[in-house]
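Some notes on the structure that comes next.
Bear in mind these aren't lab numbers, they're just calculated from the coordinates by the rules spelled out. Bear in mind the structure is a predicted one, so any value in this text is a computation, not a measurement. Here the Cβ is made from the backbone with ideal geometry for all residues, glycine too, and neighbour counts use every protein chain on show.
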Amino acid sequence: MLKYIYSHPSLPEIRGCPSALLALIDEFAAKQAFFISLGPDKAKKLSTLFADEKPKVVVELGTYVGYSAIMFADAMRQAAGG
């Protein structure tokens, strides 16, 4: 996945943009048979939950590629107003 991301033509636009990075991970996951990821559907539901509840702390136990950690951090930042 890292090689895929670093060789992607839109890498300059992805830097500093968590949602673009997550979309690229989703793109990679769609091409791989056994790649497990939170995915855009669950991510949207969780982002809505974060926006509604505005948590100050989130604990994630375990990680595979960091998709949910990136999504959680971005959702918390957005819920807090930036």
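Some points to look at:
- For the chain, the alpha-carbon coordinates run over 36, 28, 20 Å along the three principal axes, in decreasing order.
- Full extension of the chain between Ala30 and Val59 gives 7.7 nm of extra length, using 0.36 nm per residue less the Cα-Cα distance.
- With helices as the sole contributors, the chain gives -18000 deg cm²/dmol at 222 nm; each DSSP H run of n ≥ 4 counts as -39500 (n - 2.57), and the sum is divided by every residue.
- Ellipsoid semi-axes for the stretch 18-61, based on the Cα gyration tensor and the rule √(5λ), read 23, 11, 9 Å when sorted largest first.
- Contact order normalised by residue count of the chain, Cα under 8 Å, 6+ apart, percent: 31 percent
- Net charge of neighbours whose Cβ lies under 14 Å from the Cβ of Lys44, counting Lys and Arg as +1 and Asp and Glu as -1: -2
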